[in-house]
Structure formats: C-alpha cells, structure tokens
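Enquirer: Before I ask anything, let me first share the structure, which is written out below as structure tokens.
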C-alpha cells in the first residue's frame, strides 16, 4: 500500500506544461529522385508560443506530414524566447535580420491590430502581440522571415531591464 502512494505522489509532482499554441507556417513537399522513382518527404516550419510573451520556432523533416510537424514542434519548444510586452504591443522599434530576410517591427496604439504578412504575422500573434506595425524586406522565404522576426523580438528590452543594466532609476531612462 505504501508503494502505491509513493507512485501516486511521484506522478502528481510532475510539472504541468502550460498551454502552448502551435501554428504551421509552411509545409513543403520535397522529392528525391532515385533509380527506383521519386521518394517524397515533407519539411515543416512551425511557430510555438503561449500568447503571453513566449515564442519559439522549429523545423522538422520526415517522410510523413504529421511526423514532420511533431518534430518541428519539438524543435520549437527547445528554442523558446521571452518577449517583453507593453500593453499588448512591443516597447520600442526594432529591426531583425537572418540571411537575406530583414524585418522592421514598430509599436502601435491600442486597436491597430497586427499589421504584418504571412510568416511574420504567425510569429507576432503566437507571441501575444496584439498591436504592431511591421514590414518584411528582402527575402520572402518563410524560414528566413520567421528567423529574422525571432531575431528582432530577441533584441527587445523593457524599460526596467534598461534601468537595471545602466544602474539608474526607470524615471531617468525616460527623462535622460
């Protein structure tokens, strides 16, 4: 009897994973031509986040669609970053770059919505950003755009973090 209670208590101590939302950005069918014919496989780009400032991206490849998506989700969970949010938008304007993909993200007033296209929209919405203006320049490849957006979001800093780094008060950050 004591053995069962230990096992039950051990199972209850496992941390419950917070609800993560996953969004498929791009699914690509790839063909490999061999002597025996074509062999098809799939490549999936997925964005995962909690809608409250955490976001990650992943790439998965497999012969089956669902397996490729599962691999991508696992990869995305490993690369999660925390994004500082300020009233549903970002604290300041930021630029990101990955390869030939460049992005510009600006904060916006309440009620504007997410003004972004395709892959960048997926990342911003999953991160929990409700109002922002953005522009994608250079490469339109979803891989590059997602990674450039994640790069931009990782550069964001809130005023409290800036004040701690400079060793001054938050009021001095704004007033100079």
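Here, each number is a calculation from the coordinates, and none is a lab measurement. In this text, all values refer to a predicted model and were calculated from it rather than measured experimentally. Cβ sites come from the backbone with ideal geometry, for glycine too, and all protein chains shown count toward neighbours.
Enquirer: I need the per residue convex hull volume for the range 21-78, using only the alpha carbons, in cubic angstrom as a whole number.
Expert: Values: hull volume 3.3 nm³, N = 58.
Once divided by residue count, the hull of the range 21-78 is 57 Å³.
Enquirer: Further, regarding this structure: Return one quarter of the surface area of the convex hull spanned by the alpha-carbon atoms of the range 83-175, equal to its mean projected area, in nm².
Expert: Numbers: hull surface 24.1 nm².
Average projection, Cα convex hull of the range 83-175: 6.0 nm².
Enquirer: Measure off 7 Å from each Cα along the Cα-to-Cβ vector at residue 112 and residue 137, then give the distance between these two points in nanometres to one decimal.
Expert: 1.7 nm
Enquirer: Counting each DSSP H run of 4 or more residues in the chain as -39500 (n - 2.57), what helix-only mean residue ellipticity at 222 nm follows after dividing by all residues, to the nearest 500 deg cm²/dmol? Walk me through the intermediate numbers first.
Expert: On the way: 6 runs with 62 residues, N = 176.
Value at 222 nm, helices only, nearest 500: -10500 deg cm²/dmol.
Enquirer: OK, next. Using DSSP, restrict attention to beta bridges with both residues in the chain and report what percent are antiparallel, rounded to the nearest 5.
Expert: On the way: 36 of 38 bridges.
So the antiparallel bridges amount to about 95 percent of the total.
Enquirer: Pulled fully out, how much extra length does the chain show between residue 80 and residue 165, if you take 0.36 nm times their separation in residues and subtract their Cα-Cα distance? Before the final figure, lay out each step's value.
Expert: Values: separation 85, 0.36 × 85 = 30.60 nm, distance 2.29 nm.
This chain segment gains 28.3 nm when fully extended.
Enquirer: While we're here: Could you order the peptides 111-119, 46-54 from most to least packed, using the average number of other C-beta atoms within 10 Å per residue?
Expert: Details: 111-119: 16.4, 46-54: 20.3.
By packing density, highest mean first, the sequence is 46-54, 111-119.
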